[in-house]
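See structure below.
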Amino acid sequence: MSSFISDEKGVMEPHADLSAMALAVVGFVIFIALFAQTYDVYQQKSFIAEHYQDAANLAEKLSRDSALTGSIRPDVIDAGKIEELNKNPSELLQKYGAYYDFMFKVEANTAARNYIVIIKDPDMTESKTGISAAIPVTVKINDVQDVPGMLTVKIWRKK
């Protein structure tokens, strides 16, 4: 037994530690990738937390804008004005798009159909990372029909 411990004829193979080194490098790369992904998710969530109120405030402003509401009742969104605005939304989008790119959607359910209009700049690419805020509104479908609806605004960073 003592000859086994004191035997100096041991051979060290030159490639024996390569598998251990490769395993360590792979582990380190996976750790860095997980850390980077976690940081990216943290940045997105903090952006959402910081700017949700901006999206909610923009939704409030849009719900009272004269381009969307009627002159008789400024608290009711007029479906006819929305349809007109959908043809050329650039003026309204420039008016409120100083800090963020944004789009908005007006939804209302009537007995006859679901009324959904999405207003966005056709040249603008929508980001996957954005903040949405929705507020309840009243939508005037015609002269005799007002229905409850939702105004949803999505904002994202300008590129």
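Computed with a 1.4 Å probe on the full set of protein chains, the accessible area for residue 21 sits at about 120 Å².
Using 1/(1 + (r/R0)^6) with R0 = 30 angstrom and r between the beta carbons of residue 110 and residue 66, what's the FRET efficiency to the nearest 0.05?
Efficiency for this residue pair is about 0.80.
A simple count of charges around residue 146, restricted to other residues whose Cβ falls under 13 Å of its Cβ and scoring Lys, Arg +1 and Asp, Glu -1, yields -1.
Taking label points 7 Å from Cα along the Cα-to-Cβ direction, residue 90 and residue 128 give a separation of 3.0 nm. Helix-only arithmetic for the chain: the sum of -39500 (n - 2.57) across DSSP H runs with n ≥ 4, divided by the residue total, places the mean residue ellipticity at 222 nm at -14000 deg cm²/dmol. Of the solvent-accessible surface of the chain, computed with a 1.4 Å probe over protein heavy atoms with every protein chain present, carbon and sulfur atoms account for 58 percent.
Let me check something: with ligands and nucleic acids excluded, how do 52, 96 order by accessible area (1.4 Å probe), largest to smallest?
On the way: 52 100, 96 55 Å².
Largest accessible area first, the residues go 52, 96.
The residues of the chain have, on average, 72 Å² of accessible surface per residue, using a 1.4 Å probe with all protein chains present.
Hey, if we sort 64, 73 by accessible area with the 1.4 Å probe, largest down, what's the order?
Working: 64 150, 73 110 Å².
Most to least solvent-accessible, the answer reads 64, 73.
Give me the tail of P(r) for the chain as a percent: Cα-Cα pairs with distance above 29 Å. Percent of Cα pairs beyond 29 Å in the chain: 44.
Put the Cα centre of region 31-53 next to the Cα centre of region 61-121 and the gap is 31 Å. Here residue 54 sits with roughly 60 square angstrom of accessible surface, probe radius 1.4 Å. About the Cα centre of region 52-159, how large is the charge dipole given +1 on each Lys and Arg Cβ and -1 on each Asp and Glu Cβ? Please answer in debye to the nearest 20. Magnitude of the dipole: close to 300 debye.
Scanning residues 5 or more positions from residue 110 or on other chains, those with amide H under 5 Å from its amide H are 115, with H placed 1.01 Å from N in the peptide plane. In sequence order, region 29-39 has phi-based couplings of 5, 5, 4, 5, 5, 5, 5, 5, 5, 4, 5 Hz under the Karplus curve 6.51 cos²θ - 1.76 cosθ + 1.60, θ = phi - 60°, and Gly or Pro positions carry x.
The values are calculated or read from the model by the stated rules, or taken from the named source; none is laboratory data. All of these numbers come straight from a predicted model, not from anything done at the bench. Here Cβ is always computed from backbone atoms with ideal geometry, including for glycine, and neighbour counts include all displayed protein chains. Quick note on the areas: whole protein, heavy atoms, side chains included, nothing else; ligands and nucleic acids left out. Shrake-Rupley method; radii C 1.70, N 1.55, O 1.52, S 1.80 Å.
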